[in-house]
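For reference, the structure is listed below as structure tokens.
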Amino acid sequence: MTNKTIQGLEQLDVDISCRHSLLCSSIWGKGFSLSFPIELKNIHLAKHGSDSGVYDKNGRFVESKFEEIFAKHSKTHPDALTNKELKQLLNSNKEANDRKGAIAAFTEWKILYYLCKDKNGLLHKDTVRAVYDGSLFEKLEKQKASKKHA
């Protein structure tokens, strides 16, 4: 998984600082690794204050919390977030006196938005779901490949 993750990010032209931000929080409990592996068994350790609550404290996906993101915040398009709506989401999840968690949430969501928004500036629900089910990088790679062949 480690090499696959790094190769996927490289194929998507994601620079090293961005890769580090995306991956480092899931390796807690292990020694440092330059390959920045995503350790799914440790995903619960990547939880922080001011997060969306889509993963519970044990790292289990909570469908209702995922749906809540779009029910509460996607006003312009029912299955997508605009940049403004994303800012509203981040503000609504921000906990008092939680600067570190707020920065982590901001970084995670803004990187996702930057990498995955469509040409109209929309971050689609199926793309966000792909973050949680682990298929995001494969999805992005397929999109990139199809653009090359078009």
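How many nm separate the modelled label positions at ASN83 and LEU45, each set 7 Å beyond the Cα in the direction of the Cβ?
3.6
Amide H neighbours of ALA80 under 5 Å, counting only residues 5+ apart in sequence or on other chains, H built in-plane at 1.01 Å?
For ALA80, the qualifying residues are LYS125.
Put one equal scatterer on each alpha carbon of the stretch 36-150, apply the Debye formula with no solvent term, and list log10 I(q)/I(0) at q = 0.14, 0.16, 0.18 1/Å to two decimals.
-0.61, -0.79, -1.00
Determine ³J(HN,Hα), in whole Hz, for all residues of the stretch 63-74 in sequence, where each value follows from phi through the Karplus function 6.51 cos²θ - 1.76 cosθ + 1.60 and θ = phi - 60°; x replaces Gly and Pro.
Per residue, the Karplus-derived 3J(HN,Hα) values read 3, 5, 5, 4, 4, 4, 3, 7, 4, 8, 10, 8 Hz.
Hey, what do the phi angles of the stretch 114-131 turn into as Karplus ³J(HN,Hα) couplings, whole Hz, using 6.51/-1.76/1.60 and θ = phi - 60°, x for Gly and Pro?
4, 6, 10, 5, 8, 5, 9, x, 9, 9, 7, 4, 5, 5, 5, 4, 4, 4
Strictly over 23 Å apart at the Cα level, which of LYS57/LYS94; LYS84/LYS144; LYS110/LYS139; LYS94/LYS144; LYS119/LYS148 would you flag in this model?
From the list (LYS57/LYS94; LYS84/LYS144; LYS110/LYS139; LYS94/LYS144; LYS119/LYS148), the Cα-Cα distance tops 23 Å for LYS84/LYS144; LYS94/LYS144.
Largest first, how would ILE103, ILE69 line up by accessible area (1.4 Å probe)?
The ranking, largest first, comes out as ILE103, ILE69.
Would you mind getting the accessible area per residue of the stretch 85-132, heavy atoms of the protein chains only, 1.4 Å probe, in Å²?
60
Roughly how many percent of the accessible protein surface of the stretch 73-135 is carbon and sulfur, given a 1.4 Å probe and a whole-percent answer?
The value for the stretch 73-135 is 51 percent carbon and sulfur by accessible area.
The values are calculated or read from the model by the stated rules, or taken from the named source; none is laboratory data. Just so you know, these numbers come straight off a predicted model, no measurement behind them. Counting neighbours? That spans all protein chains shown, and the Cβs are built from the backbone with ideal geometry, glycine included. All accessible areas refer to the heavy atoms of the entire protein, side chains included, with ligands and DNA or RNA removed. Shrake-Rupley method; radii C 1.70, N 1.55, O 1.52, S 1.80 Å.
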